[in-house]
Amino acid sequence: MSEDTLQKITALAKRRGIIYQNSEIYGGFSGFYDYGPVGVEMKNNLKSYWWKDIVDRRENVVGIDGAIITHPTVWEASGHIKGFADEVIECKKCHKRFRPEDIDGKCPNCKGTEFTKPRKYNMLFKTEVGVLEGEKVDAYLRGEACQTIYLNFKNVIDSTRQQIPFGIAQIGKAFRNEVTPNKLTFRTREFEQWDLQFFVHPDNMEKWYEYWKKERMEFYKTLYRKQDNLRYRQHPEDELAFYAKLAFDIEYKTPWGWAENEGIHWRADYDLTQHSKFSGKNLTYRDPKTQEKYFPWIVETSGGVDRTLFFLILDAYEEEKLENGKTRVVLKINKDIAAYKAAIFPLVNNKEEILNKARDIFNLLSENNKVVWDDRGNIGKRYRYQDEIGTPHCITIDYDSLKDNTVTVRDRDTMEQERVKIEDLESFIR
Ligand code: GAP
């Protein structure tokens, strides 16, 4: 897949209502994107796919939904105010700024070869809370979603039946003032993360780290089609945080090379000890059986929701040569993530009986499935639209449907069509 495909996907995302540039009528706002009618369905499906796997099917994981703004001291305790810095260099010719690792000797904008020395800058977004001048306090939009999990560790212990080992999961927004937001939603300034913080006894850290490392790879293997595009990358020692013994990324192979999809982090007791120190509150855990008191250690799995959806679209995008010489663009996206499970097509839009039958089918299927209606243009054009957004099935209601209560169901991937009884449709599309 080439860089050219990236441009095609960006165009497709806009053309079909998946992802729009934010504030486009004002010329856009770098690093911010909006999801359209198709994209929001995909993203919601993706989030519930993760939630089902991480929370619903496990007895030892619970979820929370924390606020985006927290007490400002949180970011001192976490180390973000001091250390959440990225490096920036400036091209001396065109004055554009870049991360040092994103240039290869030449400025990507003007091909200049002279740059300023790297400077550090903090990526946290600052805001003010309060009304009157002089009484306002500086606060920050959270730079990583996981901090609200640590803040609520004790609340969760005190308000649920969970005991260590157990996990707290969250899907939520994070904000980073990135120097070079790029490649659609790959690197943005506002994005969503899916995080699991799994709390364990220090003696069992290694075992649980290996467990989650494996589980998370299995998750991505069920999600993507091209499994050879997934790999682990172990962080070398000079990349590790001082408290981490190990760190692995799960990477996906993109048109521009391997890129991080999710990090599996060994956080030890760093977060809970820091928040204990800064808040003055005791965040140790007392084992109800042994009465042992200790700071739990944490295995973190932290991935990007927007980034995963973008990778899924890369993974699914195909251009297929048809027998008639034309090219079909199709998103062979995981059927659980597709915006709609089926599209309902009345063959014509001026025949009441056909429209009524099609509406009955729409009402029947929409009780348990997300389906979409299309009665515009010829059936070929309607197929093309649904292929481009990855709808697994197209259901056409025609004159025969009025006589024998069957419809034509066309499969997205094989393009094969078969007649299916209306009463069997629900189980067929499942
Ligand atoms: N709490 C740990 C943490 O935030 P991270 O590696 O900085 O770790 C986790 O971020 C994931 O969030 C990354 O693997 C990536 O998928 C996603 N992510 C990070 N920065 C991003 C950005 N600027 N735009 C989109 N996704 C981003």
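Structure above, values below:
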| item | result |
| --- | --- |
| Residues that are touching a residue at least 40 places away in the same chain (Cβ under 8 Å), farther than 15 Å from LEU402 by Cα and open to solvent by less than 10 Å² (accessible area, probe 1.4 Å), drawn from the range 345-382 | LEU365 |
| Search result, residues across the range 207-242 that are open to solvent by 40 Å² or more (accessible area, probe 1.4 Å), under 17 Å from the mean Cα position of the chain (by Cα) and of a type in the set (Lys, Arg) | LYS221, ARG225 |
| Close pairs from the range 184-210: first in contact (Cβ under 8 Å) with a residue 40 or more places away in the chain and more than 8 Å from the ligand (Cβ to nearest atom), partner outside any strand (DSSP E or B) and polar (S, T, N, Q), Cβ under 7 Å, at least 6 apart | LEU184/THR10 |
| Index of the failed condition, ALA338 passing every other in (1) out of contact with any strand residue (DSSP E or B) (no Cβ under 7 Å at 6 or more places or on another chain); (2) within 16 Å of the ligand (Cβ to nearest atom); (3) open to solvent by less than 10 Å² (accessible area, probe 1.4 Å) | (2) |
| Selection within the range 137-152 - open to solvent by 20 Å² or more (accessible area, probe 1.4 Å) and either aliphatic (A, V, I, L, M) or away from the ligand (no atom under 11 Å from the Cβ) (or both) | VAL137, ASP138, TYR140, LEU141, LEU151, ASN152 |
| Qualifying positions in the range 179-203 - on the phi > 0 side of the Ramachandran plot and among the basic types (Lys, Arg) | LYS183 |
| Test result for LEU184, over 28 Å from PRO296 (Cα atoms) and in contact with a strand residue (DSSP E or B) (Cβ under 9 Å, 6 or more places away or on another chain) | yes |
| Subset tally (residues that are at pLDDT below 95 and either touching a helix residue (DSSP H, G or I) at 6+ places or on another chain (Cβ under 9 Å) or under 16 Å from ASP306 (Cα atoms) (or both)) for the range 255-274 | 2 |
| The range 153-179 residues that are away from the ligand (no atom under 16 Å from the Cβ) and open to solvent by 20 Å² or more (accessible area, probe 1.4 Å), paired with ones that are part of a loop (DSSP other than H, G, I, E, B) and of a type outside the set (D, E, K, R) (beta carbon under 8 Å, 6 or more apart) | LYS154/LEU283; GLN162/ASN60; GLN163/PRO288; ILE164/HIS201; ILE164/PRO296; PRO165/ASN60; PRO165/HIS201 |
| Inter-residue pairs, beta-carbon under 8 Å, first under 12 Å from CYS94 (Cβ atoms) and surrounded by 12 or more Cβ atoms within 10 Å (Cβ to Cβ) and in the range 109-124, second among the aliphatic types (A, V, I, L, M) and at pLDDT 90 or above, 6+ apart | PHE115/ILE89 |
| Scope the range 383-404; condition in contact (Cβ under 8 Å) with a residue 12 or more places away in the chain and surrounded by fewer than 13 Cβ atoms within 10 Å (Cβ to Cβ); matching residues | TYR399 |
| Of residues in the range 125-136 being within 32 Å of the chain's Cα centre (by Cα) and open to solvent by 60 Å² or more (accessible area, probe 1.4 Å), the one farthest from LYS183 (Cα to Cα) | VAL129 |
| Where VAL88 falls short, out of the listed (1) within 25 Å of LEU184 (Cβ to Cβ); (2) open to solvent by 30 Å² or more (accessible area, probe 1.4 Å); (3) touching a residue at least 24 places away in the same chain (Cβ under 8 Å); (4) assigned to a strand (DSSP E or B) | (2) |
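The values are calculated or read from the model by the stated rules, or taken from the named source; none is laboratory data. The structure presented is a predicted model; accordingly, all values stated were derived computationally and were not measured. Using ideal geometry, Cβ is built from the backbone for each residue, glycine included, and neighbour counts are taken over all protein chains shown. In case anyone asks, the SASA skips ligands and DNA or RNA and just uses the protein heavy atoms, side chains included. Shrake-Rupley method; radii C 1.70, N 1.55, O 1.52, S 1.80 Å.
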